[in-house]
Amino acid sequence: MNQTDFAVATYDPAVALEFFKAAGKPATIAEGEKIFAENERAIPLIRRHKMYLLLKGEVGLVANRKTIGRVRPGEIFGEMAIVSDAPRSASAVAQSACRVIALDDHEFETALKKKPEFALMLISVMIYRLRASVAELKKKEELSAEQELKASAAFDPDVLVKLIEGLADDPPIFFTQGASIVAEGQKGTRMYAVTEGNVSISIGGRVVERLGPGGVFGEAALLHPSGTRMADAVAETDCSLQAISRNAFLSLIKVSPAFGEAMLSSLASRLRHLTARL
C-alpha cells in the first residue's frame with residue numbers, strides 16, 4: 001500500500017455520515033450558490049464557520065479564481081476552518097443542486113461526544129497530509145535535517161502534555177538508541193507519540209521519515225486494528241514514547257471533545273504553515 005492508497009484507506013464515508021447525522025440534518029443548496037467564500041472569517045454572534053458533508057451533487061473549490069478541487073458525494077469539505085478557526089482558504093460553490101449536512105463549531109463538539117471515531121479518522125487524514133507536505137519540501141531541498149524533525153511534529157508541546165495527562169494509565173515507554181520499536185509486517189495495536197528523542201521510520205530499509213518530539217506514527221493501527229505495520233520504526237536516539245491504544249484514544253475524545261478539537265487544531269495549524277511554503 002503506497003501513501004496515496006493509505007490516504008484513501010484512512011477516509012471512510014460511512015464514519016463521516018454517522019458523525020454528521022449525530023448532530024446535523026440534511027439541507028438543500030441550489031446550483032450556483034456560494035456555500036462559503038475565500039478568506040471568509042467567522043464573526044462572533046453573526047457568522048459561524050461550518051464544515052460540510054456532501055450527500056448529493058458536486059461542489060467546486062476555487063482559490064485565486066482558479067478551480068483547485070471538486071467535492072463529490074461522501075466527501076467532507078470546509079473542515080480546516082472549523083478546526084483551526086482560520087479564514088477560509090478557498091471558496092465553495094455548488095456546481096449542481098446539492099444535498100449537504102452542515103455542522104457549526106458547537107454541533108461539531110456535540111458530534112465528537114457521540115462519534116469520537118471521526119476525530120481519529122480526521123487526525124489520520126491530516127497526518128497523511130502533513131507527511132506529504134514534508135516529503136514535498138524535502139524533495140525541493142527546502143528543509144534541513146533539523147527543520148524536518150520540527151516540521152514532522154503533529155502536535156505542539158501543550159497538546160502533547162495534555163495527551164500524556166489524559167492517558168496517565170499508560171505510562172511512557174523508553175527505548176535506547178538503535179532499538180527496534182515496531183517492525184514492518186508486525187501486527188499493530190497502538191499508535192505512538194514521540195515525547196523525547198528522535199525516531200526514524202523506514203520502508204524496505206529506506207528511511208522515509210524522521211520524527212522528533214510531537215511526531216506521531218503507527219496511527220493506522222487505530223484505524224485498522226487487525227492490520228499489519230507498513231514500516232519499521234527505530235530509536236534514532238534514546239527516546240521516550242507515549243503509546244496510545246484505540247480504546248483509550250476514543251474514550252479520551254468522548255470525555256473531552258474539546259481536547260479532540262485541540263489536537264485537530266494543532267495539526268491544522270502545522271499543516272497550514274507547511275502548505276504555505278509549497
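The values are calculated or read from the model by the stated rules, or taken from the named source; none is laboratory data. Note that the coordinates shown come from a computational prediction; the quantities given were computed from them, not determined experimentally. Neighbour counts are summed over all protein chains in view; Cβ atoms, including those assigned to glycine, are modelled from backbone coordinates with ideal geometry. Areas reflect the complete protein model, heavy atoms only, side chains present, ligands, DNA and RNA absent. Shrake-Rupley method; radii C 1.70, N 1.55, O 1.52, S 1.80 Å.
At 1.4 Å probe size, with every protein chain present, just tell me what the per residue accessible area of segment 109-252 comes to in Å².
Numbers: 6570 Å² over 144 residues.
Normalised by residue count, the accessible surface of segment 109-252 is 46 Å².
With the chain treated as a Gaussian network of Cα nodes joined by springs under 10 Å, which of Ile173, Ile101, Ile253 yields the largest mean-square fluctuation?
Among Ile173, Ile101, Ile253, the largest GNM mean-square fluctuation belongs to Ile173.
Kindly write out, for segment 33-40 in residue order, the coupling ³J(HN,Hα) from the Karplus curve 6.51 cos²θ - 1.76 cosθ + 1.60 (θ = phi - 60°), rounded to whole Hz, with x marking Gly and Pro.
Values, residue by residue: 6, 7, 7, 8, 10, 4, 6, 5 Hz.
Under a point-charge model restricted to the Cβ atoms of Lys and Arg (+1) and Asp and Glu (-1), what is the dipole moment magnitude of the chain relative to its Cα centre, in debye to the nearest 20? Let's see the in-between values first.
On the way: 34 positive and 34 negative charges, 183 e Å.
Value, rounded to 20: 880 debye.
Could you list, in their original order, any pairs among Lys21/Lys50; Lys56/Lys115; Lys21/Lys115 whose Cα atoms are separated by more than 19 Å?
Too far apart for the 19 Å limit: Lys56/Lys115.
Under the rule of at least 5 residues apart or a separate chain, name every residue whose amide H is placed under 5 Å from the amide H of Asn198.
Amide H neighbours of Asn198, under 5 Å, 5+ apart: Glu236, Thr237.
Tell me the angle of helix 257-275 to the major Cα principal axis of the chain, expressed in degrees between 0 and 90 and rounded to the nearest ten.
90 degrees
Measure off, as a whole percent, the carbon and sulfur share of the 1.4 Å-probe accessible area of the chain, all protein chains present. List each step's numbers first, then the result.
Numbers: 6970 of 13640 Å².
Percent of accessible area from carbon and sulfur atoms in the chain: 51.
Keeping all protein chains in place and using 1.4 angstrom, which order do Asp104, Asp85 fall into by accessible surface area, from largest down? Before the final figure, lay out the partial values.
Numbers: Asp104 20, Asp85 115 Å².
From most exposed to least exposed: Asp85, Asp104.
What residue among Gly205, Gly60, Gly178 shows peak mean-square fluctuation when the chain is described by a Gaussian network model with Cα springs under 10 Å?
In the Gaussian network model the winner is Gly205.
Under a 10 Å cutoff between Cα atoms, tell me which one of Lys34, Lys115, Lys254 has the largest fluctuation in the Gaussian network model of the chain.
Lys34
Does segment 1-107 come out rounded, prolate or oblate by the C-alpha gyration tensor, with a ≥ b ≥ c the root eigenvalues, rounded set by a/c under 1.5 and, if not, prolate when a/b is larger than b/c and oblate if not?
Judged from the Cα gyration tensor, segment 1-107 comes out rounded (a/c under 1.5).
From the Cα gyration tensor of segment 166-257, with a ≥ b ≥ c the square roots of its eigenvalues, which class applies: rounded if a/c is under 1.5, or else prolate if a/b is larger than b/c, or else oblate? Mind dumping the intermediate values first?
On the way: a/c = 2.19, a/b = 1.35, b/c = 1.63.
Judged from the Cα gyration tensor, segment 166-257 comes out oblate (a/c at least 1.5, b/c at or above a/b).
Residues in segment 245-278, backbone N under 18 Å from the label point at Arg47 (7 Å along the Cα-to-beta-carbon vector): list them, ranges by number please.
none
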